[in-house]
Each structure stands twice: as structure tokens, then as C-alpha cells.
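Here is the structure we will look at, set down as C-alpha cells.
The values are calculated or read from the model by the stated rules, or taken from the named source; none is laboratory data. Everything quoted here is computed from the prediction, not taken from an experiment. Here the Cβ positions follow ideal geometry from the backbone for every residue, glycine too, while neighbour counts run over all protein chains shown. Please note that ligands, DNA and RNA were not included when accessible areas were found on the heavy atoms of the full protein model with its side chains. Shrake-Rupley method; radii C 1.70, N 1.55, O 1.52, S 1.80 Å.
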Amino acid sequence: MDASDRLWIRPFPPIDPDTPEVLLAVDHASADPAERMVCALLNRGHEGREGVFHLLPDDLTARYRRTGGRLAVTLLAPRAVVAADVADRTDGLRDHLDALPRDPLDPGRVVLLHRETTTDFVPAAEGDERQPVLLLDHVGGSAGPDELAGLFENGGTTVTVVPATEHPAP
């Protein structure tokens, strides 16, 4: 399955059945080391109320960019945060850190994932921030958005709300 097939614009019933959301799936068992690094960052959560974890606002962010009829979503993280998270791992992720592209807007950040889809959807804006990306993480397979919603209801996936901004115009 093409990675771009794992970015969807659609309502996500557990959140709001009537509002289109930007959904991006990541797989803990992916062959892509950067995708597994995103999943590793999801374990950085700080517990709020029981069972609810929050990422620090800058640990993982998303950036939107529209080009013609395409919407791109890029996931970014501070290189130092990723390095700290993969330092003690034994699955080889730390060997891939230097290969991650630097964010052209902030060299202290790295690009973890970049996905695009054809759509006329424009994420809602509030000030400088755009509608957040809903990051759906799961293990294995190539579940589509309908299957992920079912996995979520059965405890097979979690949802992380990732703050997003718009890529500035060139």
C-alpha cells in the first residue's frame, strides 16, 4: 500500500461524526524507520488524567501545504527529541537518524513523514494554527480508515491529536 493511501479526509465518528478530520495512519510494525520513530515519539506522552496522555506541544508537530488540488501533511520533530527517544533502542532506529531530512524552516527539526492526497479540503484555521491532524497508530497491516475506526473502538489503535500549522508561502 502506498503511504499516501494512509492519509484521509473524512469524519471520524469517535471524535465528531459530522466534521471532516485529517487522519494519518502510522504503523508500529512499518518497514519505514521514520514511521516507527513517529510511533516511538507517541510513547513520550505525559499522563494527565488517568489513561490520557499528552505529548508536549513541540515534541511532534504537523505542517500543511496545498499545491493545486493536493494537500500535503508533514510530521516534524526536534532532532534532539528523536535522538533521545531512539538512543537506547535495540531495533536499529538510531542508525537511521542521520538520514532524516532537516526541516528547511527549522534546521533543529527533522522531517519524519510526508504524505499527500488529492482533495479540495482546506483545514480550518484559528490564528496561526490549522486544524490538528489525527494520528492513528496501530500495529501491522494496511487498514483503511473504516477498519481503523473499528480498531479504535476495540482498543487496537490510539488517536493522537497533533498540532498543525500552514507551510508559509514561498
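Residue check: residue 35 meets all listed conditions (1) modelled with pLDDT of 85 or more; (2) closer than 22 Å to residue 159 by Cβ; (3) open to solvent by 70 Å² or more (accessible area, probe 1.4 Å) but one, namely (3).
With respect to (1) in contact with a His (Cβ under 8 Å, 6 or more places away or on another chain); (2) open to solvent by 70 Å² or more (accessible area, probe 1.4 Å); (3) at pLDDT 90 or above, the lone exception for residue 72 is condition (2).
Any idea which of 57, 78, 20, 107 is open to solvent by 60 Å² or more (accessible area, probe 1.4 Å), at pLDDT 80 or above and closer than 25 Å to residue 128 by Cβ? Before you say what the answer is, go through the steps one by one.
On the way: 57 fails: at pLDDT 80 or above; 78 fails: open to solvent by 60 Å² or more (accessible area, probe 1.4 Å); 20 fails: open to solvent by 60 Å² or more (accessible area, probe 1.4 Å).
After applying the criteria, what remains is 107.
A single member of 113, 41 is touching a helix residue (DSSP H, G or I) at 6+ places or on another chain (Cβ under 7 Å), crowded, with 16+ Cβ neighbours inside 10 Å, in contact (Cβ under 8 Å) with a residue 40 or more places away in the chain and outside any strand (DSSP E or B), and it is 41.
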